[in-house]
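Asks: Just passing along the structure, written as structure tokens.
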Amino acid sequence: MDPSLPSLATDTRDRMDNIPEHIVWEILSRMKKTSDRNAVSLVCKRLYYMDNAQRHCIKVGCGMDPADEALTCLCVRFQNLSKVEITYSGWMSKLGKQLDDKGLLILANYCPLLTDLSLNYCTFITDVGLRYLASSSKLSSLRLNFTPRITGCGILSLAVGCKNLSRLHLIRCLNVSSVEWLEYLGKLGTLEDLSIKNCRSIGEGDLIKLGLGWQKLRRLQFEVDANYRYMKVYDRLSVDRWQKQHVPCENMLELSLVNCIISPGRGLACVLRKCKNLQKIHLDMCVGVRDFDIICLSQRSSDLQSVSFRVPSDFSLPSLVNNPLRLTDESLKSLAQNCSKLESVRISFSDGEFPSSSSFTLSGILCLIQKCPVRQLALDHVYSFNDVALEALCAAEYLETLELVRCQEISDEGLQLVSQFPRLCILRLSKCLGISDDGLKPLVGSLKLDFLAIEDCPQISERGVQGAAKSVSFRQDLSWMY
């Protein structure tokens, strides 16, 4: 060993000791990667202890073995933890035992500052663990993703103890059936962000139990597992209550509904018509939404900034053809007329093999783009979008990002017009059959685009995209065609 190495290490520690504490603190605070912080903490004891004091969040999972002992060590070392994420995605028994209810007891005892907890694929945690966690009085955010042993009773016990809970996300919690916790949180009035996705036993009608809690709610995501819709008995009485009970959702800013059945004039239709300050809306395969609902929404929520519609095509739900319970250009025209701040538009049809002729058309889409300051436009499976539409976009003075997926009516002639778009800087093309390298030639060497992404377009080659933008991403997987 070189005899100079010990003295070199000593000199390094001496230099570190001479740096003012506030400067070292600032340097550490700018390190975002966990690996970097871990490496720095090994340099000297000073950095080690300062990192311990500054570390507010950790993400752990399969690497903890034995789990309880490892988590205890982390909690003792990092005493200012406020955010903890535990993930067992890809876990197998040979990786060691998963964290169980005792792990949540450890968090409750050793992390008094805990405000944000995420549990992902934690299959050994039960209601008992959530009862332990109920003593974490500062907990304000909880995310449960596939925790199959947790029921509504466990969530209720946690809600009773955690009076500051403002954010609750439940994803694939298959045994959460009772919704007394939802009624309790509604009366508590602290919930601002609620996300319920693919929880088979929670239906649209259950949301009414939030009661006056709607008034505080700013963000709602509700997604029904379409494959198990009928596992939840349709509660007609509960849905009818929406008409009779005032739903105060004036403070709602973001609303996302997926695979929901919306009854005309009842249920979630009441929410659409009563939002006054909505900024973002996403409706994905929601059967029963009418033009009337969107027209009311656009008239009341004039500050709307982002809309995303994924609607059934004519052949995916043939019963909706010529049915008034579907969206048409009237919805888009009303948005264009009333929402002068609309910047992001995404429209897609569920089935790309058959065009839709009875829902949104090219006329409605162009009306929206021409009257609103649309900066981001994404179209998926929209067969009516063609070269004529691309020519019309040459006058779109605000458009910065364009994404086209399976728009099979555009050709090289139309794609060449992209170079004339006033402010376009990001272009994404995916699974478009009618375009080739020739369509990109006007862009090559022009430095107009900051970013170009080409995915699975069979006639475009990797060589053809070179130089077409400052940054280029190319991927070719044609398995979707067969």
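The values are calculated or read from the model by the stated rules, or taken from the named source; none is laboratory data. These numbers come from a predicted model, not from an experiment. Here Cβ is always computed from backbone atoms with ideal geometry, including for glycine, and neighbour counts include all displayed protein chains. The protein model used for the area step is the full one, side chains on, heavy atoms only, and it has no ligands, DNA or RNA in it. Shrake-Rupley method; radii C 1.70, N 1.55, O 1.52, S 1.80 Å.
Asks: In the range 109-123, which residue that is part of a loop (DSSP other than H, G, I, E, B) and touching a helix residue (DSSP H, G or I) at 6+ places or on another chain (Cβ under 8 Å) is nearest to S178 (Cα to Cα)? Working first, answer last.
Replies: In the first step, residues of the range 109-123 are kept if they are part of a loop (DSSP other than H, G, I, E, B); the result is 111-115, 121-123.
Applying the additional criterion that residues be touching a helix residue (DSSP H, G or I) at 6+ places or on another chain (Cβ under 8 Å) yields 111, 114.
On the way: C111: 30, L114: 27 Å.
Per the stated criteria, the residue is L114.
Asks: Could you tell me whether any residue of the range 52-62 is at pLDDT below 70, open to solvent by 40 Å² or more (accessible area, probe 1.4 Å) and under 28 Å from N109 (Cβ atoms)?
Replies: Initially, the range 52-62 is screened for residues at pLDDT below 70, giving none.
The answer is no; no qualifying residue exists.
Asks: Answer with yes or no whether L402 is buried (at least 18 other Cβ atoms within 10 Å of the Cβ) and touching a helix residue (DSSP H, G or I) at 6+ places or on another chain (Cβ under 7 Å). Full working, then the answer.
Replies: Working: buried (at least 18 other Cβ atoms within 10 Å of the Cβ): yes; touching a helix residue (DSSP H, G or I) at 6+ places or on another chain (Cβ under 7 Å): no.
Criteria not met by L402.
Asks: Next up: Test T72 against the stated conditions and say whether it is within 17 Å of S118 (Cα to Cα), of a type in the set (S, T, Y) and touching a Phe, Trp or Tyr at 6+ places or on another chain (Cβ under 9 Å). Lay out the reasoning, then the answer.
Replies: Working: within 17 Å of S118 (Cα to Cα): no; of a type in the set (S, T, Y): yes; touching a Phe, Trp or Tyr at 6+ places or on another chain (Cβ under 9 Å): yes.
The answer is no for T72.
Asks: Any chance you could count how many residues in the range 165-198 are among the charged types (D, E, K, R) and within 24 Å of T87 (Cα to Cα)?
Replies: Count: 4.
Asks: While we're looking at this one, here's another question. Within the range 324-381, how many residues are modelled with pLDDT of 90 or more and among the small types (G, A, S)?
Replies: 9
Asks: From the list S135, S89, S82, S140, which residue is open to solvent by 20 Å² or more (accessible area, probe 1.4 Å), over 27 Å from the mean Cα position of the chain (by Cα) and not hydrophobic (A, V, I, L, M, F, W, C)? Write out each step before concluding.
Replies: Values: S89 fails: over 27 Å from the mean Cα position of the chain (by Cα); S82 fails: over 27 Å from the mean Cα position of the chain (by Cα); S140 fails: over 27 Å from the mean Cα position of the chain (by Cα).
The match here is S135.
Asks: All but one of (1) in a loop (DSSP other than H, G, I, E, B); (2) surrounded by fewer than 18 Cβ atoms within 10 Å (Cβ to Cβ) hold for A468; state the number of the condition that does not hold.
Replies: Result: A468 fails condition (2) only.
Asks: Which condition number does R218 fail, the rest of (1) closer than 15 Å to L255 by Cβ; (2) open to solvent by less than 70 Å² (accessible area, probe 1.4 Å) being met?
Replies: Only one criterion in (1) closer than 15 Å to L255 by Cβ; (2) open to solvent by less than 70 Å² (accessible area, probe 1.4 Å) is unmet by R218, namely (2).
Asks: Testing R300 on (1) of a type in the set (K, R); (2) at pLDDT below 95; (3) in contact with a helix residue (DSSP H, G or I) (Cβ under 6 Å, 6 or more places away or on another chain); (4) open to solvent by 30 Å² or more (accessible area, probe 1.4 Å), one condition comes back false. Which one is that?
Replies: Among (1) of a type in the set (K, R); (2) at pLDDT below 95; (3) in contact with a helix residue (DSSP H, G or I) (Cβ under 6 Å, 6 or more places away or on another chain); (4) open to solvent by 30 Å² or more (accessible area, probe 1.4 Å), the lone unmet condition for R300 is (3).
Asks: Just the residues that are closer than 21 Å to N120 by Cα and surrounded by fewer than 18 Cβ atoms within 10 Å (Cβ to Cβ), please, taken from the range 176-192.
Replies: Answer for the range 176-192, where residues must be closer than 21 Å to N120 by Cα and surrounded by fewer than 18 Cβ atoms within 10 Å (Cβ to Cβ): just S177.
Asks: Follow-up. Out of all the residues in the range 267-284, which are within 15 Å of L327 (Cβ to Cβ) and at pLDDT 90 or above? Walk me through how you get there before you give the answer.
Replies: Quick first cut of the range 267-284, residues within 15 Å of L327 (Cβ to Cβ) only: 268-269, 272-273, 281-284.
Result: I281, H282, L283, D284.
Asks: When only residues in the range 94-132 that are of a type outside the set (A, V, I, L, M, F, W, C) and either touching a strand residue (DSSP E or B) at 6+ places or on another chain (Cβ under 6 Å) or open to solvent by less than 10 Å² (accessible area, probe 1.4 Å) (or both) count, which is farthest from N198 (Cα to Cα)?
Replies: Per the stated criteria, the residue is G103.
Asks: How about the range 445-458: which of its residues are open to solvent by 60 Å² or more (accessible area, probe 1.4 Å), part of a loop (DSSP other than H, G, I, E, B) and at pLDDT 95 or above?
Replies: Scanning the range 445-458 gives a single hit, D450.
Asks: Now for a separate question. Which residue, of S430, S473, S411, S419, is more than 29 Å from S363 (Cα to Cα), open to solvent by less than 60 Å² (accessible area, probe 1.4 Å) and of a type in the set (S, T, N, Q)? If you could, list the steps in order and put the result at the bottom.
Replies: Working: S430 fails: more than 29 Å from S363 (Cα to Cα); S411 fails: more than 29 Å from S363 (Cα to Cα); S419 fails: more than 29 Å from S363 (Cα to Cα).
Sole residue among the options that is more than 29 Å from S363 (Cα to Cα), open to solvent by less than 60 Å² (accessible area, probe 1.4 Å) and of a type in the set (S, T, N, Q): S473.
Asks: Where the second residue is open to solvent by less than 10 Å² (accessible area, probe 1.4 Å) and the first is in contact (Cβ under 8 Å) with a residue 60 or more places away in the chain and lies in the range 285-302, which pairs have Cβ atoms under 9 Å and are six or more apart or on separate chains?
Replies: So the pair list comes out as M285/C260.
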